[in-house]
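Peer 1: First the structure, which I've put down as structure tokens, then a few questions once you've had a look.
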Amino acid sequence: MTDLAAAPAMPPADPCTFDDVMLDWAVAEIVSPTWWEKWQGADALRSKLIAGQPPTPPERNALLRGILQFRAPLIQRYRISPSWRFHRRETTLDEVSRFSVLPDFGYGPRSFAWFAAKIRDNPSDDERTMQSQALAMLELACSGNRFRGSPIAVEAADDESPPALVEGYKRCLVALWQGAPSIQLFFCHP
């Protein structure tokens with residue numbers, strides 16, 4: 001779970017696997033109020049996961065198959081592969097603010113800080129849904145709710161360019177707008 005509370009110190013990165021990242025992504029989507037309807041026929045599994053029960057091995061495999069199929073265009077575009085290195089670590093929002101946003105948004109190379117300000121202050125008609133969903137999540141966060149899943153960033157192969165934020169935009173918007181000092185992210189490195 002992404003904890004929006006302040007962390008006293010940045011702990012070291014936790015190594016993980018491709019399957020760990022994909023399973024976390026799948027669980028985050030299936031329990032999400034905005035994405036779960038994409039997982040047709042998964043109502044019982046959703047209820048189980050919301051209740052905090054872990055998936056059985058067959059459910060885990062189904063979640064992995066589902067996320068790999070549903071998010072294949074994004075996974076393939078960034079060539080995220082099981083052979084890459086993966087870790088999860090607490091990341092300052094200052095660092096996340098410098099990440100690049102997906103080119104899918106049509107802005108060219110822009111920082112997440114620029115994107116967050118645009119969504120908050122001047123969203124296009126197409127971005128109003130993201131804004132309203134993020135504001136609803138912000139209200140929940142201010143009431144003490146926590147969100148499942150860690151956002152995902154892909155590190156540049158050259159180690160010079162900023163990481164690209166691939167998944168978890170609304171969770172990062174909420175943390176930034178709430179003034180949280182950090183958020184836990186997965187990093188994928190080719």
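The values are calculated or read from the model by the stated rules, or taken from the named source; none is laboratory data. All of these numbers come straight from a predicted model, not from anything done at the bench. We place every Cβ from the backbone using ideal geometry, glycine too, and count neighbours over all the protein chains shown. When the accessible area is computed, the model is the full protein with side chains, heavy atoms only, and any ligands, DNA or RNA have been set aside. Shrake-Rupley method; radii C 1.70, N 1.55, O 1.52, S 1.80 Å.
Peer 1: Please work out if residue 90 is modelled with pLDDT under 90 and either out of contact with any helix residue (DSSP H, G or I) (no Cβ under 7 Å at 6 or more places or on another chain) or open to solvent by less than 60 Å² (accessible area, probe 1.4 Å) (or both).
Peer 2: no
Peer 1: Go through (1) open to solvent by less than 40 Å² (accessible area, probe 1.4 Å); (2) touching a Leu at 6+ places or on another chain (Cβ under 6 Å) one by one and return the number of the condition residue 177 breaks.
Peer 2: Of (1) open to solvent by less than 40 Å² (accessible area, probe 1.4 Å); (2) touching a Leu at 6+ places or on another chain (Cβ under 6 Å), only one is false for residue 177: (1).
Peer 1: A further question on this structure: State which residue pairs qualify: first residue in contact (Cβ under 8 Å) with a residue 24 or more places away in the chain and inside the range 27-55, second residue in a loop (DSSP other than H, G, I, E, B) and crowded, with 19+ Cβ neighbours inside 10 Å in any location, beta carbons under 6 Å apart, and separation of 6 or more residues or different chains.
Peer 2: As it stands, the answer is 28/149; 30/39; 30/42, since those pairs meet every condition given.
Peer 1: While we're looking at this one, here's another question. Please go through the range 32-45 and give me each residue that is farther than 19 Å from residue 166 by Cα and surrounded by 13 or more Cβ atoms within 10 Å (Cβ to Cβ), ordered by number.
Peer 2: Residues satisfying the conditions are 39, 42, 45.
Peer 1: Within the range 139-174, restricting attention to residues that are hydrophobic (A, V, I, L, M, F, W, C), touching a strand residue (DSSP E or B) at 6+ places or on another chain (Cβ under 9 Å) and without any contact (Cβ under 8 Å) to a residue 40 or more places away in the chain, which residue is farthest from residue 76 (Cα to Cα)?
Peer 2: 140
Peer 1: Considering only the range 104-160, state which residues are open to solvent by less than 70 Å² (accessible area, probe 1.4 Å), part of a loop (DSSP other than H, G, I, E, B) and over 26 Å from residue 51 (Cα atoms).
Peer 2: 106, 107, 108, 123, 124, 155, 156
Peer 1: I've got another one for you. I'd like the residue in the range 14-70 that is more than 14 Å from residue 147 (Cα to Cα) and small (Gly, Ala, Ser) and, out of all such residues, is modelled with the lowest pLDDT.
Peer 2: Top of the filtered list is 41.
Peer 1: Mind checking which residues of the range 46-78 are under 17 Å from the mean Cα position of the chain (by Cα) and open to solvent by less than 40 Å² (accessible area, probe 1.4 Å)?
Peer 2: Scanning the range 46-78 gives 63, 64, 66, 67, 72, 74, 75.
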